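A short write-up of the structure that comes next.
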Amino acid sequence: MENVMIDIDRVTMRFRMANDKIESLKETFIAMLSGRLKYEEFTVFEDISFDVKKGEVVGIVGKNGAGKSTLLKIISGVLKPTKGVVRTYGNIVPMLELGSGFDPELTGHENIFLNGAILGYSKEFLAEKYEEILEFSELNEFIHMPIRNYSSGMMMRLAFSVATVVCPEILIVDEILAVGDEGFQTKSKTRMLDLMGGGTTVLFVSHSLEQIEEMCDRVVWIDEHKIRMIGTSQEVCEEYRKFWS
Amino acid sequence: MIEKHVKQISLFFLIYVAIAVAFYFIGGDQLKYKYVVSPLGNPDGILEEFTKEIEIRQPFVPTEETLETIDILFCTYARENAGTVTARIFDDSGAELAAHSLDISALEDNDPYKWVISPGIPGVKGKNLTLALTSDGLPGSSPGIYYSAPENDRQVFYVNSTPRNGRICFDFVGKQVFLFGTYYWQFAAGFGALILAYCLWAFYRKKKGKPTVLSHVSAVWGRYQFLIRQLVSRDFKTKYKRSILGYLWSFLNPLLTMTVQYIVFSTIFKSTIQNFPVYLLSGIILFNFFTESVGQGLTAIVGNASLITKVYVPKYIYPITKVISSSINLVISVIPLLLVTVVTGTRITTAILCLPYVFLCLLLFCIGMSLFLSTTMVFFRDTEYLWGIASLIWTYATPLFYPENIIPAQFRFVQTLNPLYHYIRFTRTILIQGVVPEPRAFAVCLFSALLTCAAGAVVFKKFQDRFVLYI
């Protein structure tokens with residue numbers, strides 16, 4: 001068990017789902033009166049275990065609703081598993097979705113600090129890396145403009161630059177590699193490869209098998225609440241393709 | 001390491017001692033006792049001329065431990081009178097407790113005569129006493145005594161042993177002594193010892209590697225301090241973004257609200273309320289902070305859904321930072337409050353140093369409410385709209401623009417149970433009367449704040465793991 005960064009130990013995740021998404025008092029009340037308020041146990045994973053070693057790039061595949069994103073949430077500590085434990089060693093940086101963690105009224109400069117703080121970076125670190133972030137994002141003079149005026153590509157470039165400026169020990173990526181224009185896409189891919197080469201452990205969810213094959217060392221295939229297969233990316237991707245054809 | 005902790009604890013303790021000593025001097029006599037004045041009664045009529053033929057006996061029951069002063073309302077019939085009135089106080093066994101002679105020629109027309117009993121009569125709370133008045137005045141040069149019409153059949157006084165319904169116009173002032181003030185140093189020492197004991201215990205636990213609330217708070221603060229600062233400054237920067245006047249609105253808003261309410265309500269309530277502008281403004285500022293911070297805190301979890309589902313941050317940081325951001329606004333709006341206080345000619349005293357105390361209590365209260373409501377908001381989105389109505393009702397249930405005593409006695413509990421009423425009253429006592437509120441007010445404010453905060457925290461903690469599934 002040397003250099004294990006993420007240890008997923010017999011994790012079971014069950015949701016207690018109300019049969020409709022009941023959000024308001026009125027709806028609950030009506031549902032209660034008409035006796036429809038039943039909860040269904042919904043199992044996402046049943047007793048899964050695997051671990052990820054330092055510097056590995058692990059892809060997670062599975063059909064829609066298999067629980068890929070749920071697994072990432074459990075690993076990043078946002079969700080508590082029903083049973084079992086997840087142990088992580090090192091700081092986890094999730095790549096946020098487009099613009100979440102940004103405030104549209106603030107300037108790019110202010111948002112770098114806000115978003116950095118949310119991702120758990122220190123003030124000194126951000127001040128030191130500010131120039132680097134600015135340079136990488138190619139925003140130049142736009143950095144002092146409120147980001148509500150940014151294009152989505154600009155916003156994404158900023159988000160990507162903030163998230164990857166640090167060499168996080170664990171980076172969690174949920175389908176966001178196609179960022180910005182052609183030039184920036186190449187650049188961000190290079191940065192990702194750099195990070196992976198630099199010892200960062202990456203967990204990577206994508207529907208694009210090509211990307212997974214290209215970037216991952218190992219792949220975990222989740223299906224029917226279980227790990228259907230775990231192995232090198234070639235093996236698993238081959239099986240996965242067969243499954244769909 | 002140990003040295004650092006010893007330093008921290010002793011510094012903390014020194015600050016406590018300094019505050020305790022300073023508070024003793026700021027609080028002054030307000031901490032030790034207060035005077036309770038019974039009502040004088042309406043002067044509904046004048047008794048027959050108070051000559052030497054007449055003896056008046058008025059039974060009364062003091063509500064406080066020590067009887068200090070008695071006021072009696074005389075009339076002089078607007079003429080020169082002569083002679084002496086003798087006032088005596090008897091207890092129910094007929095023993096004389098105090099006696100006083102007053103010179104009739106010195107009486108002012110329609111003005112209460114103040115008899116300061118010195119030293120006060122101790123231990124009279126709840127006893128049946130009698131005030132007996134005799135005169136040696138002659139017809140044509142004697143004063144008259146006002147009486148009030150009876151409020152109920154039990155109100156009786158005696159003129160030459162003949163019972164009459166009603167009471168003479170008099171009041172009595174009792175001194176209520178507070179245990180807290182009497183034993184202030186003992187209380188302060190006891191509380192200090194408690195704090196010290198807790199610190200030592202936390203220190204001991206920490207050494208053994210076990211968590212305490214104190215170590216948890218300091219760990220969270222150390223780790224998330226930068227995030228908390230960023231979130232607060234974000235809220236503060238974006239609050240008035242794109243408005244021309246910007247932060248000036250924090251000044252103007254309460255002032256303008258006050259002006260409108262002053263114009264609308266001044267003719268109705270002005271006469272019964274001392275310093276109406278300050279009365280209005282203190283209520284508006286505190287209540288605005290409450291509605292604003294809780295309204296913001298309410299949506300803190302739902303509004304940050306995209307972050308909460310991605311990054312692990314202790315979730316309570318979101319509602320708490322919202323309340324803290326609003327509190328900056330509160331601090332800014334204290335400036336117009338003090339300005340109005342000075343402009344209306346009220347002297348600002350050292351009692352104002354107690355203002356941060358009530359603000360801190362209010363802050364805790366709002367944090368508690370935000371934690372609770374942001375939790376319910378996750379599961380029931382109706383909370384937002386219900387809160388809109390609830391806060392409107394709350395506005396009217398709190399004496400912001402009307403006098404406190406306008407509420408009928410059977411609905412007084414609405415005020416007693418309303419923490420905001422206590423916070424606002426506390427502030428008004430400081431600003432309008434210029435004195436430190438009585439010890440009870442301190443306790444009520446702190447207790448209601450801690451209780452709400454703890455309740456909110458318990459609810460939040462119980463449900464926080466399920467937030468992610470519902471937002």
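The values are calculated or read from the model by the stated rules, or taken from the named source; none is laboratory data. As the structure is a computational prediction, the values presented were derived from the model and not from experiment. With ideal geometry, Cβ positions are generated from the backbone for all residues, glycine too; neighbour counts draw on all protein chains shown.
Descriptive notes on the structure:
- Only a single item in (1) among the hydroxyl-bearing types (Ser, Thr, Tyr); (2) within 34 Å of the chain's Cα centre (by Cα); (3) crowded, with 18+ Cβ neighbours inside 10 Å is not met by B:Thr76, and it is number (2).
- Count of residues meeting criterion [within 21 Å of B:Leu360 (Cα to Cα) and either within 13 Å of chain A (Cβ to nearest Cβ) or surrounded by fewer than 22 Cβ atoms within 10 Å (Cβ to Cβ) (or both)] in the range B:298-319: 3
- Looking only at the range B:422-471, residues that are assigned to a helix (DSSP H, G or I) and more than 14 Å from chain A (Cβ to nearest Cβ) come to 34 in all.
- With a requirement of 2 or more residues that are out of contact with any strand residue (DSSP E or B) (no Cβ under 7 Å at 6 or more places or on another chain), the strands (runs of 3 or more DSSP E) lying completely within the range B:78-194 that satisfy it span B:111-121.
Each row is one residue, and each column tells you yes or no for (1) within 11 Å of another protein chain (Cβ to nearest Cβ); (2) farther than 21 Å from B:Leu469 by Cα; (3) in a loop (DSSP other than H, G, I, E, B); (4) under 15 Å from the mean Cα position of the chain (by Cα).
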position	(1), (2), (3), (4)
A:Asn64	no, no, yes, no
A:Leu72	yes, no, no, yes
A:Arg87	no, yes, no, no
A:Gly90	no, yes, yes, no
A:Phe102	yes, yes, yes, no
A:His109	no, yes, no, no
A:Ile112	yes, yes, no, no
A:Gly116	yes, yes, no, no
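- Identity of the residue in the range B:257-266, loosely packed, with under 15 Cβ neighbours inside 10 Å and under 20 Å from B:Gly345 (Cα atoms), that ends up farthest from the other protein chains (Cβ to nearest Cβ): B:Ile263
- Filter result (modelled with pLDDT under 85 and under 28 Å from B:Phe180 (Cα atoms)) within the range B:39-62: B:Pro39
- Scanning the range B:116-173 for residues that are under 21 Å from B:Ala95 (Cα atoms), within 32 Å of the chain's Cα centre (by Cα) and hydroxyl-bearing (Ser, Thr, Tyr) returns a single hit, B:Ser118.
- Failed criterion for B:Tyr402 (all others in (1) in a helix (DSSP H, G or I); (2) away from every other protein chain (no Cβ under 14 Å) hold): (1)
- Looking at B:Gly209, B:Gly246, B:Gly222, just one residue is within 14 Å of another protein chain (Cβ to nearest Cβ), in a loop (DSSP other than H, G, I, E, B) and not polar (S, T, N, Q), and that residue is B:Gly246.
- Among the conditions (1) farther than 30 Å from A:Phe125 by Cβ; (2) within 14 Å of another protein chain (Cβ to nearest Cβ); (3) out of contact with any Phe, Trp or Tyr (no Cβ under 6 Å at 6 or more places or on another chain), B:Lys237 misses just one, which is (1).
- Boolean, B:Tyr147 is buried (at least 17 other Cβ atoms within 10 Å of the Cβ), among the hydroxyl-bearing types (Ser, Thr, Tyr) and in contact (Cβ under 8 Å) with a residue 60 or more places away in the chain: yes
- Residues satisfying the stated conditions in the range A:209-242, i.e. exposed (fewer than 14 other Cβ atoms within 10 Å of the Cβ) and hydroxyl-bearing (Ser, Thr, Tyr): A:Thr232
- Cβ pairs under 7 Å, 6+ apart, first in the range B:366-382 and more than 14 Å from chain A (Cβ to nearest Cβ), second of a type in the set (S, T, N, Q): B:Cys366/B:Ser293; B:Gly368/B:Thr452; B:Met369/B:Thr452; B:Ser370/B:Ser293
- Against the numbered list (1) more than 10 Å from chain B (Cβ to nearest Cβ); (2) free of Cβ contacts under 8 Å to residues at least 60 places away in the same chain, A:Val78 comes up short only at (1).
- On inspection, B:Phe180 fails the criterion of being within 14 Å of chain A (Cβ to nearest Cβ), surrounded by 15 or more Cβ atoms within 10 Å (Cβ to Cβ) and touching a Phe, Trp or Tyr at 6+ places or on another chain (Cβ under 9 Å).
- Filter result (touching a residue at least 12 places away in the same chain (Cβ under 8 Å) and small (Gly, Ala, Ser)) within the range B:247-288: B:Ser250, B:Ser282, B:Gly283
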